[in-house]
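Below: the structure, in structure tokens.
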Amino acid sequence: MPTEDLKHWIRTELWDQVPVRISVINRDFEIVDANRSFVEAYGEWQGHPCYAVYKGRSERCEICGAAATFKDGRVRVREEEGVLRDGQPHHYIVRHVPLVRQNSHDSEIPFTIKLSTDITEVKLLEKEKLQAERLAAVGETVAGMAHAIKNILTGLTGGMYAIKSGIKSGREERTAKGWEMLERNVDRITTLVKGFLSFSKKHVPEMEEIDPRELAREVFSLYYAGALKAGVTLLFEGEEGIRAASMEPSGIHTCLANLVSNAIDACKTSKKEGCGVSLRVKQGDGSVVFEVEDTGCGMEPEIREKVFKTLFTTKGLGGTGLGLLVTKKIVREHGGRIEVESEPGEGSRFRLELPRDGLERPSEDSQGDLQLGDSG
């Protein structure tokens, strides 16, 4: 076979047998050619615009990769969703490539090639993986709830026993002690239920222009005496010149209170001499940054991975495990982010970064990584 004929044959076969859907689009967004893989996926294309064939649309897409490539000649790669000839949706990675005739001096690009690689199966696997992770989170959460409720029931049972035995023996002090146990555990279960109700509700923060330093100082003042009594040094560091920022005072107050309280408990758990907690406010790049750092017990890596995902507490009977979940939820509702660094035996540092000029759009999973059901 002559060389030129061989080259032509290879090019023809490559065009039709390559496992990528290829179409050629003109400046009127009409498909002027397509390979076999494209026809098998989308069906007839002659005389139809690309947006009708790929998307089933009656008008051009708002964000059009072909239009952008016609304009500047750049190759574009992105993920899209379309409709196959059988009406089924599918996902694909698309590349828009400018097609220019060799030795042409025409500055206008006459065609673009659209190459599509199907990733529908990959997306399905990603969805299944996400669902499995959510189910695992729900399982851990239910186990945490059961443990917390079991502890409370133990306290209630103990209180009831103390009351009964006190009445039977005529010992008023024992009856009074049992009543205190009942009250304390009723308060605990009320706090637990209210916490779950608050966590499960979607909430749009009521933003106000506030002084971040003053808000952090309020939290500092709230915990200073208790920290001192526990032998923990609590320090406040507010960077000068921080302007007012838009945020929900009650929500951010809750976040900082949760973090400072946890940090003090971490110091008490470590029993170190001179253990301390620092609450800082800094100016970020278009943001306000709050930091709570302690020199307490720190966290093992496996514990650090859990703190924002499941009901987790190191406080035993004194904790519900909701504090950090609620904190993350509030931060995300503000369009911000929260990070933690921790080393066992060295301490932990939690960092909240919030956009300065108003609320950014929260992410779809603004309720955190813990989802009691599929959120889509």
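Some notes on this structure:
- I163 falls short on exactly one of the conditions (1) open to solvent by 80 Å² or more (accessible area, probe 1.4 Å); (2) at pLDDT 85 or above, and that condition is (1).
- Of all residues making up segment 88-108, the number that are open to solvent by less than 100 Å² (accessible area, probe 1.4 Å) and small (G, A, S): 1
- Within segment 70-87, residues that are open to solvent by less than 90 Å² (accessible area, probe 1.4 Å) sit with their Cβ atoms under 7 Å from residues that are outside any helix (DSSP H, G or I) and among the aromatic types (F, W, Y), at 6+ positions apart or across chains, in these pairs: E80/Y92; G82/Y92.
- Qualifying residue in segment 86-102 (condition: charged (D, E, K, R), at pLDDT 90 or above and either within 17 Å of I25 (Cα to Cα) or assigned to a strand (DSSP E or B) (or both)): yes
- Every pair of residues 6+ apart whose Cβ atoms lie under 7 Å, when the first sits in segment 9-28 and is over 19 Å from V94 (Cβ atoms) and at pLDDT below 90 while the second is in a helix (DSSP H, G or I) and open to solvent by 60 Å² or more (accessible area, probe 1.4 Å): D16/R36
- Residue check: D187 meets all listed conditions (1) assigned to a helix (DSSP H, G or I); (2) of a type outside the set (F, W, Y); (3) open to solvent by 70 Å² or more (accessible area, probe 1.4 Å); (4) in contact (Cβ under 8 Å) with a residue 12 or more places away in the chain but one, namely (4).
- Summed over segment 242-252, residues that are over 16 Å from R280 (Cβ atoms), under 23 Å from the mean Cα position of the chain (by Cα) and not charged (D, E, K, R) total 5.
- Applying the criterion of at least 3 residues that are closer than 19 Å to S348 by Cβ and at pLDDT 90 or above to the strands (runs of 3 or more DSSP E) found wholly in segment 214-306 leaves 233-238, 276-283, 287-294.
- Checked against (1) without any contact (Cβ under 8 Å) to a residue 12 or more places away in the chain; (2) surrounded by 11 or more Cβ atoms within 10 Å (Cβ to Cβ), E62 passes all but a single condition, namely (2).
- Every residue from segment 222-241 that is open to solvent by 20 Å² or more (accessible area, probe 1.4 Å), touching a residue at least 12 places away in the same chain (Cβ under 8 Å) and closer than 24 Å to Q283 by Cβ: L222, Y223, L235, F236, E237, G238, E239, G241
The values are calculated or read from the model by the stated rules, or taken from the named source; none is laboratory data. This is a predicted model, so every value here is computed, not measured. Neighbour counts run over all protein chains shown; Cβ positions are idealised from the backbone, glycine included. The protein model used for the area step is the full one, side chains on, heavy atoms only, and it has no ligands, DNA or RNA in it. Shrake-Rupley method; radii C 1.70, N 1.55, O 1.52, S 1.80 Å.
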